[in-house]
Amino acid sequence: MFSWIKYKMQLQRSICGIASRRPGCVTFAPLECTYRPSKKKSITNRDVKLMSSAVPLLSIAAVDAIYQILQPPAEYFQTLSLPEPLVHWGHPGNMAVVLFAMGGYGAAYLGWQIRTSSDEAVVAKAKEAHPKIAAGMFIFFALGAVGGMMSLIMQGKPIFESNHVWTGLVGLGLLGVQSLLPLAFATGSGQARTAHAYLGAAIMALFVVHAALGLQLGLSI
(Lines give C-alpha, C1' and ligand atoms only; values in the text may rest on other atoms or scores of the structure.)
Protein backbone atom coordinates (compact mmCIF):
# COMPACT_ATOMS: atom_id res chain seq x y z
CA MET A 1 0.00 0.00 0.00
CA PHE A 2 2.79 2.44 0.95
CA SER A 3 4.77 1.72 -2.25
CA TRP A 4 1.64 2.49 -4.27
CA ILE A 5 1.18 5.89 -2.51
CA LYS A 6 4.86 6.68 -3.07
CA TYR A 7 4.44 5.86 -6.75
CA LYS A 8 1.42 8.24 -6.97
CA MET A 9 3.38 11.07 -5.34
CA GLN A 10 6.26 10.58 -7.78
CA LEU A 11 3.77 10.58 -10.62
CA GLN A 12 2.28 13.85 -9.30
CA ARG A 13 5.69 15.54 -9.21
CA SER A 14 6.44 14.41 -12.75
CA ILE A 15 3.13 15.75 -14.04
CA CYS A 16 3.62 19.07 -12.21
CA GLY A 17 7.14 19.31 -13.65
CA ILE A 18 5.78 18.88 -17.13
CA ALA A 19 2.86 21.21 -16.49
CA SER A 20 5.19 23.97 -15.11
CA ARG A 21 6.35 24.67 -18.66
CA ARG A 22 2.73 25.42 -19.55
CA PRO A 23 0.27 27.92 -18.14
CA GLY A 24 -1.32 26.51 -14.99
CA CYS A 25 -0.29 23.46 -13.08
CA VAL A 26 -2.70 20.71 -12.24
CA THR A 27 -2.12 19.32 -8.75
CA PHE A 28 -3.21 16.00 -7.47
CA ALA A 29 -3.96 15.29 -3.78
CA PRO A 30 -2.64 11.98 -2.51
CA LEU A 31 -5.37 9.38 -2.28
CA GLU A 32 -6.44 8.60 1.25
CA CYS A 33 -6.69 4.85 1.76
CA THR A 34 -8.68 3.80 4.81
CA TYR A 35 -10.10 0.41 5.71
CA ARG A 36 -13.80 0.35 6.43
CA PRO A 37 -15.22 -2.99 7.54
CA SER A 38 -18.16 -4.30 5.57
CA LYS A 39 -21.40 -3.48 7.33
CA LYS A 40 -23.06 -6.53 5.84
CA LYS A 41 -20.32 -8.80 7.18
CA SER A 42 -20.60 -7.40 10.71
CA ILE A 43 -24.37 -7.96 10.73
CA THR A 44 -23.95 -11.48 9.46
CA ASN A 45 -21.42 -12.32 12.17
CA ARG A 46 -23.69 -10.87 14.82
CA ASP A 47 -26.65 -12.87 13.57
CA VAL A 48 -24.63 -16.07 13.58
CA LYS A 49 -23.44 -15.36 17.12
CA LEU A 50 -27.00 -14.78 18.33
CA MET A 51 -28.23 -17.93 16.61
CA SER A 52 -25.43 -20.02 18.12
CA SER A 53 -26.24 -18.76 21.61
CA ALA A 54 -30.03 -19.14 21.33
CA VAL A 55 -30.16 -22.91 21.91
CA PRO A 56 -27.94 -22.90 25.04
CA LEU A 57 -29.94 -20.01 26.48
CA LEU A 58 -33.23 -21.85 25.90
CA SER A 59 -31.75 -25.01 27.41
CA ILE A 60 -30.59 -23.14 30.50
CA ALA A 61 -34.02 -21.55 30.85
CA ALA A 62 -35.77 -24.94 30.57
CA VAL A 63 -33.49 -26.56 33.14
CA ASP A 64 -33.94 -23.60 35.50
CA ALA A 65 -37.73 -23.84 35.12
CA ILE A 66 -37.67 -27.55 36.00
CA TYR A 67 -35.59 -26.85 39.10
CA GLN A 68 -37.94 -24.04 40.12
CA ILE A 69 -40.91 -26.43 39.88
CA LEU A 70 -39.33 -29.42 41.62
CA GLN A 71 -37.31 -27.65 44.32
CA PRO A 72 -40.23 -26.78 46.67
CA PRO A 73 -41.71 -30.31 46.86
CA ALA A 74 -38.21 -31.79 47.18
CA GLU A 75 -37.53 -29.48 50.12
CA TYR A 76 -40.86 -30.49 51.68
CA PHE A 77 -40.04 -34.21 51.47
CA GLN A 78 -36.65 -33.47 53.01
CA THR A 79 -38.44 -32.12 56.10
CA LEU A 80 -40.12 -35.53 56.56
CA SER A 81 -36.75 -37.12 57.40
CA LEU A 82 -37.34 -40.07 55.09
CA PRO A 83 -34.90 -42.99 55.40
CA GLU A 84 -31.87 -42.53 53.17
CA PRO A 85 -32.30 -45.94 51.42
CA LEU A 86 -35.87 -44.97 50.51
CA VAL A 87 -34.75 -41.67 49.02
CA HIS A 88 -31.85 -43.33 47.23
CA TRP A 89 -33.47 -46.54 45.95
CA GLY A 90 -37.22 -45.82 46.09
CA HIS A 91 -37.39 -44.57 42.52
CA PRO A 92 -35.35 -47.44 40.99
CA GLY A 93 -37.38 -50.05 42.88
CA ASN A 94 -40.75 -48.67 41.78
CA MET A 95 -39.68 -48.21 38.19
CA ALA A 96 -38.29 -51.75 38.00
CA VAL A 97 -41.73 -53.09 38.99
CA VAL A 98 -43.44 -50.90 36.39
CA LEU A 99 -40.96 -51.90 33.68
CA PHE A 100 -41.02 -55.65 34.13
CA ALA A 101 -44.64 -56.13 35.31
CA MET A 102 -46.62 -53.56 33.36
CA GLY A 103 -44.17 -53.21 30.50
CA GLY A 104 -42.93 -56.76 30.18
CA TYR A 105 -46.26 -58.50 30.69
CA GLY A 106 -48.96 -55.95 29.94
CA ALA A 107 -47.38 -54.10 27.05
CA ALA A 108 -44.96 -56.55 25.43
CA TYR A 109 -46.35 -60.03 26.14
CA LEU A 110 -50.04 -59.23 25.72
CA GLY A 111 -49.30 -57.04 22.72
CA TRP A 112 -47.52 -59.84 20.88
CA GLN A 113 -50.29 -62.29 21.86
CA ILE A 114 -52.72 -60.09 19.97
CA ARG A 115 -50.44 -60.25 16.96
CA THR A 116 -49.41 -63.91 16.97
CA SER A 117 -51.97 -66.01 18.90
CA SER A 118 -54.54 -68.08 16.99
CA ASP A 119 -56.75 -68.52 20.07
CA GLU A 120 -59.64 -66.08 19.75
CA ALA A 121 -60.34 -66.11 23.50
CA VAL A 122 -56.71 -65.29 24.31
CA VAL A 123 -56.65 -62.54 21.69
CA ALA A 124 -59.90 -61.03 22.98
CA LYS A 125 -58.59 -61.00 26.56
CA ALA A 126 -55.29 -59.48 25.49
CA LYS A 127 -57.03 -56.80 23.42
CA GLU A 128 -58.99 -55.75 26.47
CA ALA A 129 -56.07 -55.65 28.92
CA HIS A 130 -53.18 -54.53 26.70
CA PRO A 131 -54.19 -50.88 26.06
CA LYS A 132 -55.17 -50.33 29.69
CA ILE A 133 -51.90 -51.66 31.08
CA ALA A 134 -49.86 -49.81 28.43
CA ALA A 135 -51.58 -46.54 29.33
CA GLY A 136 -50.93 -47.19 33.01
CA MET A 137 -47.27 -47.88 32.26
CA PHE A 138 -46.95 -44.53 30.50
CA ILE A 139 -48.56 -42.69 33.42
CA PHE A 140 -46.38 -44.41 36.02
CA PHE A 141 -43.25 -43.81 33.97
CA ALA A 142 -44.09 -40.11 33.67
CA LEU A 143 -44.72 -39.83 37.42
CA GLY A 144 -41.60 -41.87 38.08
CA ALA A 145 -39.53 -39.47 36.00
CA VAL A 146 -40.67 -36.60 38.20
CA GLY A 147 -39.96 -38.66 41.32
CA GLY A 148 -36.49 -39.56 40.09
CA MET A 149 -35.60 -35.92 39.46
CA MET A 150 -36.86 -34.97 42.91
CA SER A 151 -34.78 -37.77 44.42
CA LEU A 152 -31.64 -36.38 42.78
CA ILE A 153 -32.44 -32.88 44.05
CA MET A 154 -32.96 -34.22 47.58
CA GLN A 155 -29.54 -35.88 47.39
CA GLY A 156 -27.92 -32.68 46.09
CA LYS A 157 -27.11 -34.18 42.69
CA PRO A 158 -27.57 -32.62 39.22
CA ILE A 159 -30.47 -33.88 37.12
CA PHE A 160 -29.33 -33.67 33.51
CA GLU A 161 -25.73 -34.86 33.72
CA SER A 162 -26.38 -38.60 33.29
CA ASN A 163 -27.38 -40.77 30.33
CA HIS A 164 -30.10 -42.27 32.51
CA VAL A 165 -32.27 -39.17 32.43
CA TRP A 166 -31.90 -38.73 28.67
CA THR A 167 -32.83 -42.33 27.83
CA GLY A 168 -35.86 -41.91 30.08
CA LEU A 169 -37.00 -38.73 28.35
CA VAL A 170 -36.49 -40.28 24.91
CA GLY A 171 -38.42 -43.36 26.01
CA LEU A 172 -41.35 -41.23 27.24
CA GLY A 173 -41.41 -39.38 23.93
CA LEU A 174 -41.48 -42.64 21.98
CA LEU A 175 -44.28 -43.95 24.22
CA GLY A 176 -46.27 -40.87 23.26
CA VAL A 177 -45.78 -41.68 19.57
CA GLN A 178 -46.64 -45.32 20.27
CA SER A 179 -49.94 -44.33 21.86
CA LEU A 180 -50.99 -42.47 18.69
CA LEU A 181 -50.38 -45.34 16.26
CA PRO A 182 -53.61 -47.23 17.16
CA LEU A 183 -55.53 -44.28 15.68
CA ALA A 184 -54.34 -45.53 12.28
CA PHE A 185 -55.42 -49.15 12.87
CA ALA A 186 -58.81 -48.46 11.27
CA THR A 187 -57.19 -48.09 7.84
CA GLY A 188 -56.83 -51.88 7.74
CA SER A 189 -53.54 -51.83 5.85
CA GLY A 190 -51.67 -53.53 8.71
CA GLN A 191 -48.66 -51.22 8.44
CA ALA A 192 -49.66 -49.23 11.51
CA ARG A 193 -50.05 -52.42 13.56
CA THR A 194 -46.64 -53.65 12.42
CA ALA A 195 -45.04 -50.31 13.27
CA HIS A 196 -46.79 -50.35 16.66
CA ALA A 197 -45.50 -53.83 17.47
CA TYR A 198 -41.88 -53.28 16.49
CA LEU A 199 -41.69 -49.77 17.94
CA GLY A 200 -43.03 -51.18 21.21
CA ALA A 201 -40.31 -53.84 21.23
CA ALA A 202 -37.66 -51.17 20.57
CA ILE A 203 -39.03 -49.01 23.40
CA MET A 204 -38.88 -51.94 25.82
CA ALA A 205 -35.25 -52.57 24.82
CA LEU A 206 -34.49 -48.88 25.38
CA PHE A 207 -36.03 -49.00 28.85
CA VAL A 208 -33.96 -52.07 29.75
CA VAL A 209 -30.86 -50.02 28.86
CA HIS A 210 -32.39 -47.14 30.84
CA ALA A 211 -32.76 -49.41 33.88
CA ALA A 212 -29.13 -50.54 33.63
CA LEU A 213 -27.98 -46.92 33.45
CA GLY A 214 -30.18 -46.12 36.46
CA LEU A 215 -28.57 -48.91 38.48
CA GLN A 216 -25.14 -47.60 37.51
CA LEU A 217 -26.18 -44.09 38.57
CA GLY A 218 -27.56 -45.31 41.88
CA LEU A 219 -24.34 -47.14 42.71
CA SER A 220 -22.23 -44.09 41.82
CA ILE A 221 -23.89 -41.63 44.23
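Does residue 77 fit the bill of being within 19 Å of residue 170 (Cα to Cα), aromatic (Phe, Trp, Tyr) and in a helix (DSSP H, G or I)? No; evaluated as a whole, the condition is false for this residue. Here residue 68 clears all of (1) under 27 Å from the mean Cα position of the chain (by Cα); (2) without any contact (Cβ under 8 Å) to a residue 24 or more places away in the chain; (3) surrounded by 10 or more Cβ atoms within 10 Å (Cβ to Cβ) except the condition numbered (3).
If you go through region 126-170 and keep only what is polar (S, T, N, Q) and either within 20 Å of residue 202 (Cα to Cα) or open to solvent by 60 Å² or more (accessible area, probe 1.4 Å) (or both), you end up with 163, 167. For region 175-192, filtering for residues that are touching a residue at least 12 places away in the same chain (Cβ under 8 Å) and open to solvent by 60 Å² or more (accessible area, probe 1.4 Å) leaves 2. For region 202-216, the criterion of a residue being assigned to a helix (DSSP H, G or I), aromatic (Phe, Trp, Tyr) and open to solvent by 20 Å² or more (accessible area, probe 1.4 Å) is satisfied by no position. Going by the conditions given, is residue 174 more than 28 Å from residue 87 (Cβ to Cβ) and under 22 Å from the mean Cα position of the chain (by Cα)? When the stated conditions are applied, residue 174 passes them. Hey, among the residues in region 111-125 that are more than 21 Å from residue 198 (Cβ to Cβ) and among the small types (Gly, Ala, Ser), which one's surrounded by the most Cβ atoms within 10 Å (Cβ to Cβ)? Only one residue tops the list, namely 124.
The values are calculated or read from the model by the stated rules, or taken from the named source; none is laboratory data. Not measured: the values here are computed from a predicted model. Using ideal geometry, Cβ is built from the backbone for each residue, glycine included, and neighbour counts are taken over all protein chains shown. We work out accessible area using only protein heavy atoms, side chains counted, and drop any ligands, DNA or RNA first. Shrake-Rupley method; radii C 1.70, N 1.55, O 1.52, S 1.80 Å.
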